[in-house]
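Reading through the structure tokens given below for one structure.
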Amino acid sequence: MANLEDRIVAAKDKLPNLTPVPPGFQTETTAFELKSRLQWGEPGLTILDVRDHDAFNQGRIQGAMNMPLSELPKMAQASLQPQRDIYLYGSSEAEAAEAVRMLREAGFERVAPLQGGIQAWQEIEGQVEGIIETPDAGEYSVFARLEAFGQERAKEQQITR
């Protein structure tokens, strides 16, 4: 079987531009690299938000799971496979680094912090969910629509008085 795998690798090396390949796992990742993996439709990864429940509910990367730092090793061991690709972010780079350390000590090998966290994700227009308000959300933000509706309603009332 290894012979077949070696042949496939050799063939791919000879024809590198014919078949696009998704980006591989890195020990640190940027928002762009994570978004690229998601756009490839790779099911073999998990995104963890290690902030507290309130911060998670305010806004999170779409599809992220909440595992607060205080509960992280226990929750991860109960619900994730150690060989799975795990990307995580916290409220700071230090919190993310601590989460990476904790998971690696718990036996998880493929763990990477998301550089810049959720802010970097929003800067590249990555999808978020929760009640977070994003700039230029326009028609996609319920809050922006309600605010605009309220302003229009107040103008109408002023005109009719």
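The values are calculated or read from the model by the stated rules, or taken from the named source; none is laboratory data. Keep in mind the model is a prediction, meaning the values are calculated, not measured. Using ideal geometry, Cβ is built from the backbone for each residue, glycine included, and neighbour counts are taken over all protein chains shown.
Tabulated values for the structure
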{"item": "Search result, residues across segment 50-65 that are in contact with a strand residue (DSSP E or B) (Cβ under 7 Å, 6 or more places away or on another chain), surrounded by 15 or more Cβ atoms within 10 Å (Cβ to Cβ) and part of a loop (DSSP other than H, G, I, E, B)", "result": "50, 59, 64"}
{"item": "Flag if residue 103 is of a type outside the set (Asp, Glu) and farther than 22 Å from residue 123 by Cα", "result": "yes"}
{"item": "Yes/no for residue 147 being modelled with pLDDT under 90, of a type in the set (D, E, K, R) and either at positive phi or out of contact with any Lys or Arg (no Cβ under 8 Å at 6 or more places or on another chain) (or both)", "result": "yes"}
{"item": "Residue selected from segment 29-41 under the condition closer than 18 Å to residue 84 by Cβ and within 13 Å of the chain's Cα centre (by Cα), by the criterion surrounded by the most Cβ atoms within 10 Å (Cβ to Cβ)", "result": "34"}
{"item": "Neighbours by Cβ (under 9 Å, 6+ apart or cross-chain): first from segment 93-104, within 16 Å of residue 29 (Cα to Cα); second polar (S, T, N, Q)", "result": "93/115; 96/115; 100/27"}
{"item": "Sole exception among (1) in contact with a strand residue (DSSP E or B) (Cβ under 8 Å, 6 or more places away or on another chain); (2) assigned to a helix (DSSP H, G or I); (3) within 23 Å of residue 129 (Cβ to Cβ) for residue 100, by number", "result": "(3)"}
{"item": "Unmet requirement for residue 27, which otherwise passes all of (1) modelled with pLDDT of 95 or more; (2) part of a loop (DSSP other than H, G, I, E, B)", "result": "(1)"}
{"item": "Residues being farther than 19 Å from residue 25 by Cα, more than 11 Å from the chain's Cα centre (by Cα) and in contact (Cβ under 8 Å) with a residue 60 or more places away in the chain - total across segment 105-128", "result": "2"}
